Structures are given as structure tokens and as C-alpha cells.
Amino acid sequence: MSAHQIAVRIYYEDTDFSGNVYHAAYLKFFERGRTEFLRDLGVHHSELAKDGLAFAVRSMSIDYIAAAHIDDLLTVSTTVDRAGGARLVLAQTIHRDETLLTSASVTVAAIKTAGGAARLPPHLRALLERA
């Protein structure tokens, strides 16, 4: 599977006093990308929760390369870097046209909603390994 992509429009609420996108807004864009990536695989957070599972961000490394601005139309791309027994490492980027603005490596861990670590269900791990 190639990189999963979603479009994100920049609104006034995403910017700071300088007119650039506020650094924390990129976290929201990456989260939307991860959620839609899973949704397109048929994995829904509400369904995971019914099974007592959730994903929690364990670590994230972000490289801010260039700024986005109000009214920009960005593309958030998500690919699986590694799928382990309980962790998933995703590579994500945000582009404006052909210009790379931000890149991130995100490690998410499967957890039990009641608390504690959980293993990825075999069918979910297989889906992620094929993605």
C-alpha cells in the first residue's frame, strides 16, 4: 500500500500571532492522519474501545522544516514503518504541494482501556503489516 493521504485546510484558529501555523497544531493534523489511515483499513477507535483496546502515543519525534499559513491546503501522509506485538511505528509527513513542511516518527502502543499494555490482535497486526 502506498502512503495514506488526507487533505487539511489551514484556518485562522491554527495560526499564531505571526500568521504561521502554531507548532502544536501539527500534532492535530498528524492525529487526523493516523485516525483516517486506521479508518480506511477498517479499524475504528470506537470498535477497539468496545473490545477494551485503545492506542496511546508513546513517543513522537517531529522535524519542523517550513511554515504553513492561513488558507494553505496541506497533505498529511501516513505509512507504517514497523508493526510489533504491542507497538506501531508510523512515519508521517505534511506537504504543501511539493514542499515538505513537517515530518514525524510516531510510536503508538496498544493499551487496555482498563489500564496496562496490550498486544495487537493478530488480525489488526496483519492489516498493519500489509499497509
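The values are calculated or read from the model by the stated rules, or taken from the named source; none is laboratory data. In this text the structure is predicted, and so the values were computed from the model without any measurement. Cβ sites come from the backbone with ideal geometry, for glycine too, and all protein chains shown count toward neighbours.
Identify the residue in the stretch 12-38 that is among the aromatic types (Phe, Trp, Tyr) and more than 18 Å from Leu120 (Cα to Cα) and, among all such residues, is modelled with the lowest pLDDT. Can you show your working first?
Step one: filter the stretch 12-38 for residues among the aromatic types (Phe, Trp, Tyr), giving 12, 17, 22, 26, 29-30, 37.
Of the ones still in play, those that are also more than 18 Å from Leu120 (Cα to Cα) are 12, 17, 22, 26, 29-30.
Numbers: Tyr12: 95, Phe17: 91, Tyr22: 96, Tyr26: 98, Phe29: 98, Phe30: 98.
Across the stretch 12-38, the extreme among qualifying residues is Phe17.
Exactly one condition in (1) under 14 Å from Gln5 (Cβ atoms); (2) in contact with a strand residue (DSSP E or B) (Cβ under 6 Å, 6 or more places away or on another chain); (3) not acidic (Asp, Glu) is false for Arg32; which is it?
Failing condition for Arg32: (2).
Take the residues in the stretch 39-83 that are in a helix (DSSP H, G or I) and out of contact with any strand residue (DSSP E or B) (no Cβ under 8 Å at 6 or more places or on another chain); name whichever of them is modelled with the highest pLDDT. Before the answer, list the steps.
Our first condition is that a residue be in a helix (DSSP H, G or I); within the stretch 39-83, this holds for 39-40, 45-50.
This time we only want the ones that are out of contact with any strand residue (DSSP E or B) (no Cβ under 8 Å at 6 or more places or on another chain), so: 39, 46-47, 49-50.
Numbers: Arg39: 95, Ser46: 92, Glu47: 90, Ala49: 92, Lys50: 92.
Going through the qualifying residues, I end up with Arg39.
For the stretch 1-38: of the residues being in a helix (DSSP H, G or I) and of a type in the set (A, V, I, L, M), which is farthest from Ala131 (Cα to Cα)?
Looking only at the stretch 1-38, we keep the residues that are in a helix (DSSP H, G or I), and these are 12-14, 25-38.
Next, from what is left, pick out any that are of a type in the set (A, V, I, L, M): 25, 27, 38.
Numbers: Ala25: 26, Leu27: 22, Leu38: 10 Å.
If we take residues in the stretch 1-38 being in a helix (DSSP H, G or I) and of a type in the set (A, V, I, L, M), then Ala25 is farthest from Ala131 (Cα to Cα).
Name the residue that is farthest from Lys112 (Cα to Cα), counting only residues in the stretch 28-53 that are hydrophobic (A, V, I, L, M, F, W, C) and surrounded by 15 or more Cβ atoms within 10 Å (Cβ to Cβ).
In the first step, residues of the stretch 28-53 are kept if they are hydrophobic (A, V, I, L, M, F, W, C); the result is 29-30, 37-38, 41, 43, 48-49, 53.
Subset that is surrounded by 15 or more Cβ atoms within 10 Å (Cβ to Cβ): 29-30, 37-38, 41, 43, 48, 53.
Working: Phe29: 25, Phe30: 23, Phe37: 21, Leu38: 18, Leu41: 21, Val43: 16, Leu48: 10, Leu53: 5 Å.
Among those residues, the one meeting the criterion is Phe29.
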